[in-house]
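Here, each number is a calculation from the coordinates, and none is a lab measurement. Everything quoted here is computed from the prediction, not taken from an experiment. Don't worry about glycine lacking a Cβ; one is built from the backbone with ideal geometry, like all the others, and counts go over all protein chains shown.
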Amino acid sequence: MTISSRNLHLLRLSLRVRPIGTRGFASHSSDSISFSVPVEFKTRTPPYAALLTRLDKVREILNRPLTLAEKILYSHVVDPEEAFAGKNGQIRGETYLKLNPDRVAMQDASAQMALLQFMTCGMDSTAVPASIHCDHLIVGHDGAEKDLKASIAVNSEVFDFLRSCGRKYGIQFWGPGSGIIHQIVLENFSVPGLMMLGTDSHTPNAGGLGAIAIGVGGADAVDALTGTPWELKAPKILGVKLTGQLNGWSAPKDVITHLAGVLTVRGGTGYIIEYFGEGVQTLSCTGMATICNMGAEVGATTSTFPYTDSMRRYLTATRRGPIADAASAVNNLHGYLRADTGAEYDQVIEINLSSLEPHINGPFTPDLSTPLSQFGEAVQKNSWPSKLSAGLIGSCTNSSYQDMSRVASIVQQAKERGVKPKVPFFITPGSEQIRATIENDGFTDVFLGAGAKVLANACGPCIGQWARDDTTKGEINAILTSFNRNFRARNDGNPATMNFLTSPEIVTAMIYSGDMAFNPLKDKLIDANGNEFMLEPPQGDELPPTGFQQGDLEYLPPIDPKPVQSAEVVVSSTSDRLALLEPFKPFEGRELKMNVLLKVKGKCTTDHISAAGAWLKYKGHLENISNNTLIGAMNEETGEVNKAYDFDGTGYGIPELMIKWKSEGRSWTVLAEHNYGEGSAREHAALSPRFLGGRMILCKSFARIHETNLKKQGVLPLTFADEDDYNLVNGCATIETLDLLQMLNNSGDVSGGITLKVTNQDGSEHIIKTKHTMSKDQIEFFKAGSAINYIGSLRRHQRGQEQQI
């Protein structure tokens, strides 16, 4: 693709691309206001003065009170005048924003493809600070030491690739064993007022420290890494008012498990969840992070909290006192880190923390929420297993010091009464800092004394990296976890395992009973002497009384690494783990004609579209990982999983038919129902269909991240204008777009729909109206074949112009 000088000028006006070679914490202008920090904190502190200056411009245009989320988000807009002027205040849910994020974080599974795409852009360094975290590829089985050693041996090629990318481009590299991306971000990078992107759907965890942190696919991350403004439709704001104070067995996890039941997995789509009210001040920083983390399960763009004293305490405890001082100053002087008085929310939900009881969510979906007092009845009514098979705590959602200290208080009570867990008990520390601190404070000895298995500082079973050997595939069983997601077969590869999500405190109490109907608020256990007793409500410290221990210092990368241009990034041509990318072909300039490869029935998450577990090892090799495309999807016409049929009725595995049709030069589409692509920010769920010949996905509704990922990879995402039209289309039907070219060539309003002509194999024909959400920039991505093609072409043209000057 080539870009004319005139188009480049127009593109610069619209994208405000940073010049090649610049790098910093989101280059913004500055004014006389100063919130200075020592030099070692510069790249970890938002440019508060510049953000306030930009916010003043936003206020002049909008002339109304702003929510906290709006303040942070809108102050990161590239050009407030362009974004907001002339819109009559119609911003939320209407206007596309061009944003300059401050930072990018990438976990190892998604970083591979993000960096492979970044490498095609020809840059010497990233435009903003970034970090790589090796946490997804470590299998939990024998315990931390053995598991870490085995996983490093198996994944050394990938870890070496990521390390070399970090060295070449000046990206922090947190190696295997250092911890889970979201815990490390909270401990080191999340800051009140920050805007960051992360290549993981639970990136909003950083909202526990008052940040706007958004989960994205790798191509979105490349926008920020290359200094290309990132685009987002301005979210609506859902306010959650917290009153009262948690007590007894209730925990921060119960706020979000309860809210998930209210909103469902789709209820937060298109919203930022902003918490407010007097109850906020009673929560710990890490408790707020737990709540924000699982906001991803209701489809929210992100979640955040106003600045609190617990945030200040956490920043100070994690050796970031100067940043705490700067945040306090910017909030005290300008109110930047709280909502304006009179700010209005699009929707408000109120939760009384004082009366909130523990909740348990599941199985198979994180929004099936049951209060603990009703859970025993639900177990019986739904014929769920009556006995627990395992309890697992930790993960990025609940591995804070406070979580571990409260759990330790329960385990200690049981120890004093001579009681042991009835089922296997697994504990995953969130980071090396947490591991070292709980060991120093004696909690690890308490856990090991109870027979618990402490796993590596990594995602492990939560992401499906669990080499479980106490059950067989197909065996119906129930586990209780403090994780955030519980889709079928996600944790141990067994579709019959029912994962129920709850707080680590409730998980721990229930392992001592083994009975799924056990309620520690009213039920008794039997001690070693045959006496009945009740567990007391858990107690614990918000922060370690003697401070956090850093643990193994070899895990700590340089604070501000510099790029080493001479460093070599090696990708073997014979590797089955890594492969350089070939650009997707640009749009051909004619209406699309394709066939329906599959009609998907029911829930279809990114786990269904691009399975994790054993497939994670192929994250850096697009051709190999594409062999798992949609293998978890159910065929609506037959009820079969991973089964699709060719024109002659021959059945194939779904990716096998995709490969066959691609070899025949046949483009294809998939039809689906609601919230298609729910779950992880799994870019391969868009890359693989594109690689295998998919041109369009047509469904009743999309999950936000997945819809964006499809747009970035040149796949056309459409939704039915009339959901009942889903029933008019059959497998192998021919679908033709009738006015796609008109939409693509429309230089003005690009909203609206696209008309499709459907011809089923029986000869019946239908005209179907569909809707799209493509912005002007996203249309250019589609024309170029992908966003990376477009950005790479822009960068090459820009470099050529600069060389001529």
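Assorted remarks:
- Prolate/oblate/rounded label for the stretch 266-424 (Cα gyration tensor, a/c 1.5): oblate
- Computed [θ] at 222 nm, deg cm²/dmol, the chain (DSSP H ≥ 4; -39,500 (n - 2.57); rounded to nearest 500): -9500 deg cm²/dmol
- Extension gain (nm, one decimal) between Thr243 and Ser354, 0.36 nm per residue minus Cα-Cα: 39.2 nm
- Label-point separation, Lys783 to Asn382 (7 Å along Cα→Cβ), nm: 5.0 nm
- Set against the 2.2 N^0.38 Å expectation for a compact globular protein, the chain has a Cα radius of gyration ratio of 0.92.
- Viscosity 1.002 mPa s, 20 °C: Kirkwood-radius Stokes-Einstein D of the stretch 569-608 over Cα pairs, µm²/s: 142 µm²/s
- Taking a span of 24 Å or more along the helix axis (Cα atoms) and a mean Kyte-Doolittle hydropathy of at least -1.0 as the rule, the DSSP H helices of the chain that qualify are 144-169.
- Rounded FRET efficiency, nearest 0.05, which uses the C-beta distance separating Lys769 from Phe533 and R0 of 51 Å: 0.20
- Rounded to two decimals, the Cα-based Rg/Rh of the stretch 359-537, with Kirkwood Rh, is 0.94.
- Its alpha carbons give the stretch 335-415 an Rg and a Dmax of 18.2, 52 Å.
- DSSP-loop trypsin sites (Lys or Arg not before Pro) across the stretch 428-496, with at most 13 other Cβ within 10 angstrom: Lys473
- Pairwise Cα inverse-distance average, inverted: Kirkwood Rh of the stretch 374-442 (Å): 14.0 Å
- Alpha-carbon Debye profile of the stretch 33-151, log10 I(q)/I(0) at 0.09, 0.13, 0.16 Å⁻¹: -0.43, -0.76, -0.94
- Largest to smallest principal axis extent of the C-alpha atoms in the stretch 593-784, angstrom: 46, 38, 29
- If both residues of a DSSP beta bridge must be in the stretch 321-468, then about 40% of such bridges are antiparallel.
- For a straight C-alpha distance cut-off of 12 angstrom, the aspartates and glutamates reachable from Lys562 (same-chain residues fewer than eight places away being disregarded) are Asp124.
- Which of Thr316, Thr264, Thr302 has the fewest Cβ neighbours within 10 Å, and the rest in rising order: Thr316, Thr264, Thr302
- Beta bridge orientation in the chain: antiparallel %, DSSP, nearest 5: 35 percent
- For the peptides 705-717, 87-99, residues were scored by their other Cβ atoms within 10 Å and the scores averaged per peptide; the highest-first order is 705-717, 87-99.
- Taking the number of Cβ atoms within 10 Å of each Cβ as an exposure proxy, the fewest-first ranking of Ser151, Ser701 is Ser701, Ser151.
- Ranking of Trp384, Trp174, Trp661 by count of other Cβ atoms within 10 Å, fewest first: Trp384, Trp661, Trp174
- Distance-filtered residues of the stretch 514-543 - backbone nitrogen under 20 Å, label point 7 angstrom along Glu416 Cα→Cβ: 520-542
- The loop-placed trypsin sites (Lys or Arg not before Pro) in the stretch 498-580, going by DSSP, that have at most 14 neighbouring Cβ atoms within 10 Å of their Cβ come out as Lys522, Lys524.
- For the stretch 593-784, DSSP calls about 60 percent of its internal beta bridges antiparallel.
- For Ser610, the residues 5 or more places off, or on other chains, whose built amide H falls under 5 Å of its own are Leu630.
- Cα gyration tensor category, rounded, prolate or oblate, for the stretch 128-188 with a/c compared to 1.5: oblate
- Cross-linked pairs Lys98/Lys168; Lys146/Lys415; Lys662/Lys769; Lys98/Lys660; Lys660/Lys711; Lys146/Lys603: Cα-Cα separations exceed 32 Å for Lys98/Lys660; Lys146/Lys603.
- Protection proxy ranking, highest mean first, for peptides 754-763, 284-293: 284-293, 754-763, where packing is the per-residue count of other beta-carbon atoms within 10 Å, averaged.
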